[in-house]
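J.: The structure under discussion is supplied below as structure tokens; questions concerning it will follow.
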Amino acid sequence: MTAKPKDWVFTDSRLKDMRQDYDAYTEEDFKVWKILYDRQIVNLPQAASKAYLEGIKEINFTADKIANFEEANQRLAKSTGWAIQVVPGLIDDDLFFGLLNNRRFPSSTWLRKMEQLDYLEEPDMFHDAFAHMPLLTNQPYVDFLEKLSGIALKHIDNPWAIQLLSRIYWFTIEFGLIRENGELRIYGAGILSSAGETKFSLSDEPAHYEYDVEKIMSTAYWKDKFQDKYFIIEGYEQLYESLPEIERVLEKMLAETPEEERKF
């Protein structure tokens with residue numbers, strides 16, 4: 001178990017009075033959650049990582065009930081010591097990585113509308129809860145997330161460093177694949193919340209690469225369409241064990257990449 005969270009998270013003014021108002025969810029919200037949940041959960045038994053499938057049971061998410069953060073926090077406290085911190089939406093890098101480094105996962109509480117079922121510009125609560133939170137029950141996964149964020153905080157005033165580390169986050173936490181029993185499975189939340197990308201990522205259409213820190217940090221990603229390449233880990237311990245290499249490669253790329261070659 002990693003060290004206990006630092007207290008600053010709870011006094012940051014940007015998070016003042018931020019909480020989930022469960023009673024405010026409407027009938028449409030419950031319908032949207034159920035449609036999205038039912039539509040995607042049927043794809044996952046043969047597609048998602050074992051840790052995700054175990055995690056969604058442990059955290060007790062169901063189709064008929066929007067995720068309740070207070071209940072989820074009680075379960076996470078018993079497994080990995082993590083918790084969910086309500087945020088207003090997209091947040092600044094220092095707060096994002098600061099929360100993660102304190103074992104607090106940032107999540108919005110708003111749900112998309114019925115007419116937005118298939119596309120959103122900004123991740124909503126369904127993505128944050130359904131796709132991310134079950135894996136917060138996996139200790140090597142959250143230890144990696146915590147320590148990666150600690151590295152980011154050391155370089156928080158360097159936009160190029162944050163961009164390079166964001167590529168690691170993107171191609172693991174958001175769009176990572178894992179090999180289990182010789183077959184590809186999904187653990188990236190950006191895929192887990194998308195029926196279309198679930199099928200696409202495991203198909204022969206995109207390129208599949210073994211987990212390679214330097215290659216990932218040299219690879220730009222897309223936010224508005226399916227990725228054309230995915231990186232495969234052999235286990236969540238591999239992510240944690242790669243942290244020293246991430247720091248080495250980061251320092252190397254910071255030293256070697258001229259200003260004019262830095263692409264954000």
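J.: Calculate the dipole size of the chain relative to its Cα centre from +1 charges on Lys and Arg beta carbons and -1 charges on Asp and Glu beta carbons; express the result in debye to the nearest 20.
T.: Numbers: 31 positive and 47 negative charges, 108 e Å.
The calculated dipole for the chain is roughly 520 debye.
J.: Could you run the Karplus curve 6.51 cos²θ - 1.76 cosθ + 1.60 with θ = phi - 60° over segment 80-91 and give me ³J(HN,Hα) per residue in whole Hz, x for Gly and Pro?
T.: Once rounded to whole Hz, the list reads 10, x, 7, 8, 9, 10, 5, 10, x, x, 5, 10.
J.: Right, here's the next one. From the backbone phi of segment 203-208, what are the Karplus-calculated ³J(HN,Hα) couplings (6.51 cos²θ - 1.76 cosθ + 1.60, θ = phi - 60°) in whole Hz, Gly and Pro given as x?
T.: Calculated HN-Hα couplings, in order: 7, 8, 6, x, 7, 10 Hz.
J.: While we're here: At a threshold of 8 angstrom on Cα-Cα distance, excluding pairs fewer than six apart, so keeping six or more, what relative contact order does segment 7-257 reach in percent?
T.: This gives 19 percent for segment 7-257.
J.: I've got another one for you. From the cross-link list Lys65/Lys113; Lys16/Lys50; Lys147/Lys252; Lys113/Lys223; Lys147/Lys215; Lys78/Lys154, which pairs have alpha carbons spaced over 25 Å apart?
T.: Result: Lys16/Lys50; Lys78/Lys154 exceed 25 Å.
J.: Please give the FRET efficiency for Glu205 paired with Asn181, using the beta carbon to beta carbon distance and R0 = 22 Å, rounded to the nearest 0.05. Could you put the intermediate results ahead of the total?
T.: Details: r = 23 Å, r/R0 = 1.03.
After rounding, the FRET efficiency stands at 0.45.
J.: For segment 101-112, just list the computed ³J(HN,Hα) in residue order, Karplus coefficients 6.51, -1.76 and 1.60, θ = phi - 60°, integers in Hz, with x standing in for Gly and Pro.
T.: Here the 3J(HN,Hα) series is 5, 9, 6, 10, 8, x, 9, 6, 10, 8, 10, 4 Hz.
J.: Additional query: What full-extension length gain, to one decimal in nm, is calculated for Thr62 and Glu245 as 0.36 nm per residue of separation minus the Cα-Cα distance?
T.: So the chain would gain 62.0 nm between Thr62 and Glu245.
J.: Related question: Length gain on complete extension for the stretch Ala77 to Ala24, per 0.36 nm per residue less the alpha carbon to alpha carbon distance?
T.: This chain segment gains 16.5 nm when fully extended.
J.: Would you kindly compute the Cα radius of gyration of segment 107-179 and its largest Cα-Cα separation (Dmax), both in Å?
T.: 14.4, 41
J.: Could you work out how far apart the two model spin labels at Leu53 and Trp222 are, taking each label as a point 7 Å from the Cα in the direction of the beta carbon, and quote it in nm?
T.: For Leu53 paired with Trp222, the spin-label model returns 2.9 nm.
J.: If you look at just the Cα atoms of segment 7-257, how large are its Rg and its Dmax in Å?
T.: 17.5, 55
Values in this text are rule-based calculations from the coordinates and carry no lab data. Since the structure is predicted, the reported quantities are computational estimates derived from the model, not experimental observations. Cβ: placed from backbone, ideal geometry, glycine included. Neighbour counts: every protein chain shown.
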